[in-house]
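Participant: Below you will find the structure I want to go over with you.
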Amino acid sequence: MYTQFYNFKEKPFNLVPNPAYLFLSSKHENALTYLEYGLSEKIGFVMLTGEIGIGKTTLVRHLLNQVEADTDVAVIFNTNVISSDLITLILNEFEIEFKEGISKGSALALLYDFLIKKYSQGRKVLLIIDEAQNLSGEVLEEIRMLSNLQTDDEMLLQIMIVGQPQLKDKINDPSLEQFAQRIAVSHHLSALTLEETAEYIAFRLKKAGGDPSIFSYETVEKIYEVSKGIPRTINLLCDASLVYGFADEKKFIDTQILDQVIEDKGGMGVFTKDNIKKKALPDVQAAEEHKTLNQDLLRRVTDLETSFSQLKEVYHNYIGEMESRAQFCRDEMMNQMKETVKFERQQNKQLSYEYGKLKERYRLLLNKFKKP
């Protein structure tokens with residue numbers, strides 16, 4: 001729509017992860033170095049963590065493009081599984097034939113035979129598990145057991161787990177100590193700085209064939225302030241600003257256009273952890289004699305508003321990633337993902353209903369306490 005107006009050869013801020021648009025900040029370069037080292041040395045598990053939208057998937061896809069031709073790779077996105085389904089899911093991803101209803105022991109035997117065959121052919125085998133923060137402790141323990149599939153001096157299966165910061169917290173649980181000990185290389189991908197944000201925006205504009213100075217520096221500063229340096233949020237703000245600029249026939253994007261984008265979006269899609277909390281703080285003056293009761297009720301309302309906002313953010317981010325994940329998944333996987341979206345929608349409706357009830361109760365109590 002706006003590509004011709006700004007002389008772009010393609011949209012510079014597409015939300016779909018594209019390795020060609022990977023901006024290698026110092027943080028991303030360090031992460032890539034760690035991942036490449038872990039895979040080349042074949043030492044234990046490799047773990048990559050980072051906030052939603054930080055660029056983990058783009059980095060992994062870039063890494064996959066660099067994987068040697070002698071490596072067989074499987075990527076698992078559906079992490080809402082139970083331990084009994086994990087092995088058959090892995091068999092599916094490696095396209096290993098098996099009969100429905102196969103026992104866990106038989107499935108492991110098939111996987112081991114596959115790994116031995118690849119080893120004898122001089123090939124490497126890599127399993128990547130994305131969204132690993134959703135895995136239960138039981139499933140993580142099953143994954144740890146896969147590291148026992150090895151020869152006397154070499155692991156037959158290299159495993160990379162990718163997830164949000166909660167993954168680190170989960171693995172630090174004492175019950176998963178053995179799993180944590182198997183992680184040989186770990187890296188946390190942090191947000192961009194203001195300087196890196198400016199470089200990131202200019203890089204993508206130039207990559208698309210446009211003028212890297214379309215956005216004023218004041219606009220970049222505000223984009224950083226709102227996005228907290230999260231690339232996906234930066235993309236969303238920049239893309240919407242270009243649409244608005246095109247509509248107003250403005251060749252350069254100033255803060256007025258960005259302010260209009262933020263106002264029209266009402267926060268949807270540009271939430272960060274910091275501004276979610278700020279938005280969730282209600283302006284309430286509780287009666288002093290009922291301070292304890294009101295504060296407890298206020299806390300519950302605030303927590304529910306925060307959960308509601310986060311759920312909407314997760315829902316929109318999930319939809320944005322569906323297109324990217326489709327490139328890795330077969331039709332069966334897509335059906336599973338659609339069921340997950342349906343479930344999330346049902347949860348969203350239920351949460352909205354409960355939130356309304358609780359807020360109404362809070363209003364009635366507050367009116368009661370204000371009466372003389």
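Coordinate-derived values only; no laboratory data. Just so it is clear, the model here is predicted, and its values are computed rather than measured. Neighbour counts run over all protein chains shown; Cβ positions are idealised from the backbone, glycine included.
Participant: Quickly work out the D85-to-D72 label distance, labels modelled 7 Å from Cα along the C-beta direction, and quote it in nm with one decimal.
Facilitator: 2.4
Participant: If you average the sequence gap of Cα pairs under 8 Å that are 6 or more apart and divide by the length of segment 26-189, what percent do you get for the contact order? Could you put the intermediate results ahead of the total?
Facilitator: Working: 236 pairs, mean separation 63.9, N = 164.
Here the relative contact order equals 39 percent.
Participant: If r is the Cβ-Cβ distance from K250 to L351 and R0 is 41 Å, what FRET efficiency results, to the nearest 0.05? Please list the in-between numbers first.
Facilitator: Details: r = 39 Å, r/R0 = 0.96.
E(calc), rounded to 0.05, equals 0.55.
Participant: Could you pull out every residue, at least 5 positions away or on a different chain, whose amide H is within less than 5 Å of the one on S186? Hs are placed 1.01 Å off N in the peptide plane, and Pro or chain starts have none.
Facilitator: Answer set, sorted by chain and number: M47.
Participant: Also, quick follow-up: Is there a pair in K56/K118; K11/K251; K104/K168 whose C-alpha atoms are over 18 Å apart, and which pairs would that be?
Facilitator: Numbers: K56/K118 28 Å; K11/K251 15 Å; K104/K168 28 Å.
The answer is K56/K118; K104/K168.
Participant: Now for a separate question. Dipole of segment 26-189 (Lys/Arg Cβ +1, Asp/Glu Cβ -1, origin at the Cα centre): which of G137, L167, N78 lies farthest to the positive side?
Facilitator: L167
Participant: Let me ask something additional. Rounded to whole Å, give me the distance from the Cα center of segment 68-97 to that of segment 161-213.
Facilitator: Value for the Cα centre distance between the two parts: 23 Å.
Participant: Rounded to the nearest angstrom and ordered from largest down, what semi-axes does the equivalent ellipsoid of segment 26-189 get from its C-alpha gyration tensor (root of 5λ)? Intermediate values should be presented prior to the final figure.
Facilitator: On the way: eigenvalues 113, 73, 43 Å².
After scaling each eigenvalue by five and taking roots: 24, 19, 15 Å.
Participant: Using a Debye calculation, one point per C-alpha and no hydration shell, please list log10 I(q)/I(0) for segment 90-149 at q = 0.29 Å⁻¹ in order.
Facilitator: Calculated log10 I(q)/I(0) at the listed q: -1.37.
Participant: Highest mean first, how do 2-14, 120-132 rank when packing is the count of other Cβ atoms within 10 Å averaged over residues? The partial results should precede the final answer.
Facilitator: On the way: 2-14: 15.8, 120-132: 17.9.
By packing density, highest mean first, the sequence is 120-132, 2-14.
Participant: Output the direction-averaged projected area (hull surface divided by four) of the convex hull of the alpha-carbon atoms of segment 136-255, in nm².
Facilitator: Taking a quarter of the hull surface, the average projection is 10.8 nm².
Participant: Now for a different question. Within segment 193-251, report the GluC sites (Glu not before Pro) that DSSP leaves as loop and that have at most 15 other Cβ atoms within 10 Å.
Facilitator: On the way: sites: E195, E196, E199, E218, E221, E225, E249; in loops: E249.
Loop-located and lightly packed - E249.
Participant: Order the peptides 239-245, 92-98 from the highest to the lowest mean number of other Cβ atoms within 10 Å of their residues. Walk me through the numbers on the way to the answer.
Facilitator: Values: 239-245: 20.4, 92-98: 14.4.
Descending mean neighbour count gives 239-245, 92-98.
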